[in-house]
1. Which one of the conditions (1) among the hydrophobic types (A, V, I, L, M, F, W, C); (2) in a loop (DSSP other than H, G, I, E, B); (3) touching a residue at least 24 places away in the same chain (Cβ under 8 Å) does ALA13 fail to meet, given that it meets all the rest?
2. I need the full set of residues from the range 51-63 which are more than 20 Å from ILE8 (Cα to Cα) and in a loop (DSSP other than H, G, I, E, B), in order please.
3. So LEU29 fits all but one of (1) of a type outside the set (Lys, Arg); (2) in contact with a helix residue (DSSP H, G or I) (Cβ under 9 Å, 6 or more places away or on another chain); (3) assigned to a helix (DSSP H, G or I); (4) loosely packed, with under 12 Cβ neighbours inside 10 Å; what number is the exception?
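Nothing in this text is a laboratory measurement; each read-out follows from the coordinates by a stated rule. Just so you know, these numbers come straight off a predicted model, no measurement behind them. Every residue, glycine as well, gets a Cβ built from its backbone with ideal geometry; the counts of neighbours run over all protein chains shown.
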Amino acid sequence: MAKLKITIYKIGASEPETTVSIPVGVLKLASKLIPKRAESALLEKGVDLDEIVRLSQNPELHGTIVTVEEHKSDEKIVISLE
């Protein structure tokens, strides 16, 4: 089953600090459970959760959707469909 994967790295590190995987089948429901504050934080970083849910419905789409580098916090966030 396809999954949405969110991986957080310290910039320059090859190993992730945190990885979250969400099966695409429950992604639409899971997106409704995310607190509005967290959704707003994602939007501030240019990540539209509703668009990611829409993209996840395409079974042919795989790979990185968005990469966000937070230079102030020295983090890189990679969102992908696998």
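1. Against the list (1) among the hydrophobic types (A, V, I, L, M, F, W, C); (2) in a loop (DSSP other than H, G, I, E, B); (3) touching a residue at least 24 places away in the same chain (Cβ under 8 Å), ALA13 comes up short only on (3).
2. If the condition is that a residue be more than 20 Å from ILE8 (Cα to Cα) and in a loop (DSSP other than H, G, I, E, B), then GLN57, ASN58, PRO59, GLU60, LEU61 are the ones that fit.
3. So LEU29 meets the others, but not (2).
The rows are residues; the columns are (1) among the hydrophobic types (A, V, I, L, M, F, W, C); (2) within 20 Å of GLY12 (Cβ to Cβ); (3) touching a residue at least 24 places away in the same chain (Cβ under 8 Å).
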position: LYS28; (1), (2), (3): no, no, yes
position: SER31; (1), (2), (3): no, no, no
position: ARG37; (1), (2), (3): no, no, no
position: ALA41; (1), (2), (3): yes, no, no
position: LYS45; (1), (2), (3): no, yes, yes
position: LEU49; (1), (2), (3): yes, no, no
position: ILE65; (1), (2), (3): yes, no, no
position: VAL68; (1), (2), (3): yes, yes, no
position: LYS72; (1), (2), (3): no, yes, no
